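K.L.:
Sharing a structure, written as structure tokens. Questions coming.
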Amino acid sequence: MPEDWSEPIIILGKGVPAYSSKYGCLTCCVAGVSEHNGWIRLYPLFLEPVLSSIKPIDKFDVIRTVFRDKRPEPTRPESRKVFPEFVQKVGQVREKKDRNRILHQYTESGVFLHDGSWRGRKTLGMINALNARFYMTKENIPMVRFQCGPRCGGHNCEVGECMKFNNVGRVLHQSNSELQKQLSTLKNKDLRFVMGTIRRHPNRWLIISIHAIGE
């Protein structure tokens, strides 16, 4: 057993699942925060119980893990590659007031979405989503248009949390009404978006997770 376990990390979002040929199962990356390191991106994490010790990880779970590579991506400084078999769920932030405190603590200006931070300075963070308008595309993809600040011209992003995936990571068909129902639960709320970039398109920001203050 390794001895160099990380400090506790509070999970604030999960990326979309992807099939790993190396491990033969679905994996994902997660976004979290820790006391000394701030924002951190961990991958790969198992999404399936391939080992009896693997426990499902969700928002506001607290985990510890073992880093295999502390700087796997020069352009994404928050990234850490982990040993997925060494991920321990050590707690959970349960109280609403504590969750809201964490969300307020890590909410920041959306300037980093506009100032070229993706070039290696900052590729993970959380913003206050203003004037969020949810809608569906002709291809039945759930989307949201929002501003990250009063002077922002607006962003359009997919709402990945409303999508479902099969056991190889492909998007499953859902009815328009089913997706609309999910989007309706997010309307007219004080929202926080966890934003991150992707390795294949480093200048593209995605919504990793959505939080509603007070829930």
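The values are calculated or read from the model by the stated rules, or taken from the named source; none is laboratory data. Quick caveat: nothing in here was measured; it's all calculated off a predicted structure. For neighbour counting, all protein chains shown are included, and Cβ atoms are generated from backbone atoms with ideal geometry for every residue, glycine included.
K.L.:
Counting only residues that are among the basic types (Lys, Arg) and in contact (Cβ under 8 Å) with a residue 12 or more places away in the chain, which one in the stretch 24-73 is surrounded by the most Cβ atoms within 10 Å (Cβ to Cβ)?
P.N.:
The selected residue is Arg41.
K.L.:
Let me ask another. Can you name the number of the only condition in (1) in contact with a strand residue (DSSP E or B) (Cβ under 6 Å, 6 or more places away or on another chain); (2) loosely packed, with under 14 Cβ neighbours inside 10 Å that Lys81 fails?
P.N.:
Failed condition: (2).
K.L.:
With (1) within 24 Å of Gln147 (Cα to Cα); (2) hydrophobic (A, V, I, L, M, F, W, C); (3) crowded, with 17+ Cβ neighbours inside 10 Å; (4) over 17 Å from the mean Cα position of the chain (by Cα) as the list, and Val111 as the residue in question, which single condition is left unmet?
P.N.:
The failed condition is (3).
K.L.:
If I filter the stretch 14-65 down to residues being acidic (Asp, Glu) and within 27 Å of Ala212 (Cβ to Cβ), which single residue comes out as modelled with the highest pLDDT?
P.N.:
Asp61
K.L.:
Tell me yes or no: at least one residue of the stretch 200-214 is among the hydrophobic types (A, V, I, L, M, F, W, C), closer than 26 Å to Leu42 by Cα, more than 15 Å from the chain's Cα centre (by Cα) and assigned to a loop (DSSP other than H, G, I, E, B).
P.N.:
yes
K.L.:
Separate question: Take the stretch 171-189 and flag every residue that is part of a loop (DSSP other than H, G, I, E, B) and under 18 Å from the mean Cα position of the chain (by Cα).
P.N.:
Passing the criteria: only Leu186.
K.L.:
Out of (1) touching a Phe, Trp or Tyr at 6+ places or on another chain (Cβ under 9 Å); (2) crowded, with 21+ Cβ neighbours inside 10 Å, the odd one out for Ile9 is which?
P.N.:
Every condition holds for Ile9 apart from (1).
K.L.:
What's the number of the condition Cys152 fails, among (1) free of Cβ contacts under 8 Å to residues at least 60 places away in the same chain; (2) not in a loop (DSSP other than H, G, I, E, B)?
P.N.:
The single condition Cys152 does not satisfy is (2).
K.L.:
Residues in the stretch 176-193: is at least one in contact (Cβ under 8 Å) with a residue 60 or more places away in the chain, farther than 14 Å from Gly110 by Cβ, buried (at least 16 other Cβ atoms within 10 Å of the Cβ) and not assigned by TED's automatic domain parsing to the domain that holds Pro72?
P.N.:
Within the stretch 176-193 (the criterion being in contact (Cβ under 8 Å) with a residue 60 or more places away in the chain, farther than 14 Å from Gly110 by Cβ, buried (at least 16 other Cβ atoms within 10 Å of the Cβ) and not assigned by TED's automatic domain parsing to the domain that holds Pro72), the answer is no, since none of the residues qualifies.
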